[in-house]
1. With the requirement that a residue be touching a helix residue (DSSP H, G or I) at 6+ places or on another chain (Cβ under 7 Å) and open to solvent by less than 10 Å² (accessible area, probe 1.4 Å), what does the stretch 7-26 give you?
2. Scan the stretch 56-81 for residues that are surrounded by 13 or more Cβ atoms within 10 Å (Cβ to Cβ) and of a type in the set (A, V, I, L, M, F, W, C) and jot them down.
3. Can you name every residue in the stretch 10-20 that is hydroxyl-bearing (S, T, Y) and not in a loop (DSSP other than H, G, I, E, B)?
4. Here are D186, D221: which of them is outside any helix (DSSP H, G or I), free of Cβ contacts under 8 Å to residues at least 24 places away in the same chain and of a type outside the set (G, A, S)?
5. Tell me which of these T32 doesn't satisfy, since it passes every other one: (1) within 24 Å of S114 (Cα to Cα); (2) touching a helix residue (DSSP H, G or I) at 6+ places or on another chain (Cβ under 8 Å); (3) assigned to a loop (DSSP other than H, G, I, E, B).
6. Got a sec? Which of I23, I7 is touching a Gly at 6+ places or on another chain (Cβ under 8 Å), at pLDDT 95 or above and not in a loop (DSSP other than H, G, I, E, B)?
7. Return the residues of the stretch 145-162 that are open to solvent by less than 10 Å² (accessible area, probe 1.4 Å) and out of contact with any strand residue (DSSP E or B) (no Cβ under 9 Å at 6 or more places or on another chain); say none if nothing qualifies.
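The values are calculated or read from the model by the stated rules, or taken from the named source; none is laboratory data. For clarity, every value in this text was computed on a predicted model and none was experimentally measured. Note that we place each Cβ from the backbone using ideal geometry, even for glycine, and neighbour counts take in every protein chain shown. Only protein heavy atoms, including side chains, enter the accessible area calculation; ligands, DNA and RNA are left aside. Shrake-Rupley method; radii C 1.70, N 1.55, O 1.52, S 1.80 Å.
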Amino acid sequence: MPKSVVIDYLPESVSRYRPGWAIVAVDVIRATTTAITAAATGRRCFPVPTIDAALALAQGFNDPLLAGESNGRMPVAFELDNSPCQLADRTDIHRPLVLVSSSGTKVIHEAAGSEAIYLACFRSYSVLAGHLAPRHDQVAVIGAGSKGEFREEDQICCAWIAAGLMSRGYVAGTSQTAEVVKRWRDAPPSACLCSRSIDFLRRTGQLGDLEFILAHIDDLDDVFEVRDGEVRVIRGPERGNSRPLCDRSPVL
């Protein structure tokens, strides 16, 4: 039986793929970018599905950093929005991050019970396919979506990952997967500028996050896996100075 990869979106789709599947959660704007940025700096990170879950988990930590949004707004008693840009500027990496979002952290939560849970964003997509291929025969790449839509930034990232797996012998498990890969596999990051997610960032004065995302394309060599509710860093191969420059140049 050939190895297969599927692309889907929204938290409620995850239940189709739990047993026997590795699930890759993708929420470029912004939850998986925020979580990966936290873990990449050495900060512990715990994605949770709801505000109540965040508050409950935070009680077990000494000086936690509560971050995130619900329906586009930072909850009361939270210290930070779901912002990779703001997080990257902080020096208090000893404080564990408890992160909640409207869609992305829900996808991660729904993936409990799957073979493995990974995170992806524009920062870390290329190394992931090489890690997945020898370990998992079935991979579901799930875009978080927003308000029922499969946003362009997530389609692009999902397509890049699925294309990397297909180049390693995986087959597209659905027609939707084949269509998304065909449309977006060679797209530059700037192709996401038509997304309503960008409109939200612009409307709410958070374009710093867009600038951060487009300035950090495939800059991490590590893989990010969620185990026991925490984002864990799996160190990737050292590419060092031999690493080719990414040809997906951001255009603002």
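1. Across the stretch 7-26, the qualifying residues are I7, V14, A22, I23, V24, A25, V26.
2. L57, A58, F61, L65, L66, A67, M74, F78, L80 - these are the residues of the stretch 56-81 that are surrounded by 13 or more Cβ atoms within 10 Å (Cβ to Cβ) and of a type in the set (A, V, I, L, M, F, W, C).
3. So in the stretch 10-20, the residues hydroxyl-bearing (S, T, Y) come out as 13, 15, 17.
Hits for the stretch 10-20 are S13, S15.
4. Numbers: D221 fails: free of Cβ contacts under 8 Å to residues at least 24 places away in the same chain.
Of D186, D221, the one residue that is outside any helix (DSSP H, G or I), free of Cβ contacts under 8 Å to residues at least 24 places away in the same chain and of a type outside the set (G, A, S) is D186.
5. Every listed condition holds for T32 apart from (3).
6. Numbers: I23 fails: touching a Gly at 6+ places or on another chain (Cβ under 8 Å).
Result: I7 is the single residue among I23, I7 that is touching a Gly at 6+ places or on another chain (Cβ under 8 Å), at pLDDT 95 or above and not in a loop (DSSP other than H, G, I, E, B).
7. Here is the first cut: in the stretch 145-162, the residues open to solvent by less than 10 Å² (accessible area, probe 1.4 Å) are 145, 153-154, 156-159, 161-162.
Of everything in the stretch 145-162, just one residue is open to solvent by less than 10 Å² (accessible area, probe 1.4 Å) and out of contact with any strand residue (DSSP E or B) (no Cβ under 9 Å at 6 or more places or on another chain), namely I156.
Residue-by-condition table, conditions (1) closer than 19 Å to L210 by Cα; (2) assigned to a helix (DSSP H, G or I):
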position	(1), (2)
T37	yes, yes
G42	no, no
A54	no, yes
L57	no, yes
N62	no, no
L66	no, no
